Amino acid sequence: MTIALSTDELQTAEAMLHGYGPAQPAIASLHQHQGDLEASLEDLAMASAGTAAYGDTPRGDRATLRQVLLANLRRELCGDDSFREKVEEYNKNPAQAALLTGLIVYVVELVALPWMSPAIATVAVLWILKIGLRTFCDYTEPAETQRDG
């Protein structure tokens, strides 16, 4: 299943983030991938962390960088009540660009990865807003945990 922003959703995000320069690489990537959030997240992470380190193929017993990114996002965002409150506040006032940029900045500050950028955080936030925080948290949960639960 591809999780993508519709043309209207992408145009709305672009208009809201027009004055926020750090989000522009995310908007460009989303346009390039026709709103596909996962493909955009992957491209931006590869650009920030290095293509060779990213990928879907496990290296021995080590997790891929993609798995690490999703695990960090999930760990930091899914259990953070302040982030949940910020998402709820945005959902009550979705036309407030300041609330959207506030979510992006919060994610950059919260997720402790040296290559976390506002562009990566922008796509992650748009993804969460698209499908909901609970769905994002369940979707990114490791397969072993889902089977065991």
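Bear in mind these aren't lab numbers, they're just calculated from the coordinates by the rules spelled out. Keep in mind it's a predicted model, so treat the numbers as computed, not measured. When we count neighbours, we look across all protein chains shown, and the Cβ atoms used for this are built from the backbone with ideal geometry, even at glycine.
Every helix of 4 or more DSSP H residues in the chain counts as -39500 (n - 2.57), and over all residues that averages to -20000 deg cm²/dmol at 222 nm. Under the convention that each Lys and Arg Cβ holds +1 and each Asp and Glu Cβ holds -1, the size of the dipole of the chain around its Cα centre is about 160 debye. Ellipsoid fit via the Cα gyration tensor, the chain: semi-axes of 24, 18, 14 Å, each the root of five times an eigenvalue, largest first. On the principal axes of its alpha carbon atoms, the range 61-102 extends 44, 18, 12 Å, with the longest extent given first.
Pairwise alpha-carbon distances in the range 74-149 exceed 14 Å for 61% of all pairs. Highest mean first, the peptides 16-25, 117-126, 83-92 sorted by other C-beta atoms within 10 Å per residue fall in the order 117-126, 16-25, 83-92. Scoring 101-110, 133-142 by mean Cβ neighbours within 10 Å over their residues and listing the highest first yields 101-110, 133-142.
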